[in-house]
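Structure first, then comments.
The values are calculated or read from the model by the stated rules, or taken from the named source; none is laboratory data. Treat the numbers as computed from the prediction; the structure is a model and nothing was measured. When we count neighbours, we look across all protein chains shown, and the Cβ atoms used for this are built from the backbone with ideal geometry, even at glycine.
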Amino acid sequence: MHYPLTFRFKMLALAPQVFVTDASGQSVLNVKQKLFKLREKIEVYQDDARRHPLCSIEANQILDWSARYFFRDLQGTEIGSVGRKGMRSLWSAHYEIFAAQSQTPRFKIQEENPWSKVADSLLSSIPILGLFSGYFFHPKYVVTDAASGKAVMRLTKQNAFWEGRFGVDQLAPLDSPTESVILLSLLMLILLEKQRG
């Protein structure tokens, strides 16, 4: 993949859908969230036409207060997961990324400046002014290695009108399976934080 990647989604779409493109504009992933499911279920495809499924994301419980979202390949085998820390996430986003079949987090995702997210959420809830919130505040989320604390990726909200747009920069080299699990975790973060406001 050629970084930076761009994650885009329509703000007013009935069924959330995220388009992921690389630096050359090539489609990398397409994510479609299923509507009216008690337990979260998301399908991930390799192309925008959604002809080539890649994997699925499923929650382990109905309420997502401290839910864990499991990434499964086409055969149903777990390839990793991401979990949101409940009480800790009220103030700022805090997620943990796990390798397959692991209970120990391998990476963490945290907001670099929680005040930016609070200001973005407050402004976006004001009628008419909320349409321009994407031009004023740009929350950033950093993915760090849980053991060393070294930053490996950064997700940054970008200027956009009528859609959500985020950029992903790779800060350290990663093997392909690890990179995939982190990108799926960032996709899940975008969908969950969008629901939170």
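Of the residues making up region 99-108, those that are of a type in the set (A, V, I, L, M, F, W, C) and either at pLDDT 95 or above or outside any loop (DSSP other than H, G, I, E, B) (or both) are Ala99, Phe107. Applying a threshold of 7 Å to beta carbon distances and a minimum spacing of six or more residues, or different chains, the list of pairs starting in region 182-195 at a residue that is part of a helix (DSSP H, G or I) and ending at one that is basic (Lys, Arg) reads Leu192/Arg84.
Selection within region 134-148: residues that are crowded, with 18+ Cβ neighbours inside 10 Å and more than 23 Å from Phe98 (Cβ to Cβ). The member of this set that is modelled with the highest pLDDT is Pro139.
Which residues, counting only those in region 33-50, are modelled with pLDDT of 90 or more and assigned to a loop (DSSP other than H, G, I, E, B)? Answer for region 33-50, where residues must be modelled with pLDDT of 90 or more and assigned to a loop (DSSP other than H, G, I, E, B): just Gln46.
The residues in region 68-98 that are of a type in the set (A, V, I, L, M), surrounded by fewer than 19 Cβ atoms within 10 Å (Cβ to Cβ) and modelled with pLDDT of 95 or more can be counted, and the count is 1.
In this structure, is Thr156 assigned to a strand (DSSP E or B), over 9 Å from the mean Cα position of the chain (by Cα), surrounded by fewer than 18 Cβ atoms within 10 Å (Cβ to Cβ) and among the hydroxyl-bearing types (Ser, Thr, Tyr)? So Thr156 fits the description; yes.
Return yes or no: is Gly25 of a type outside the set (Ser, Thr, Tyr), at pLDDT 90 or above, under 17 Å from the mean Cα position of the chain (by Cα) and not in a helix (DSSP H, G or I)?
Answer is no for this residue.
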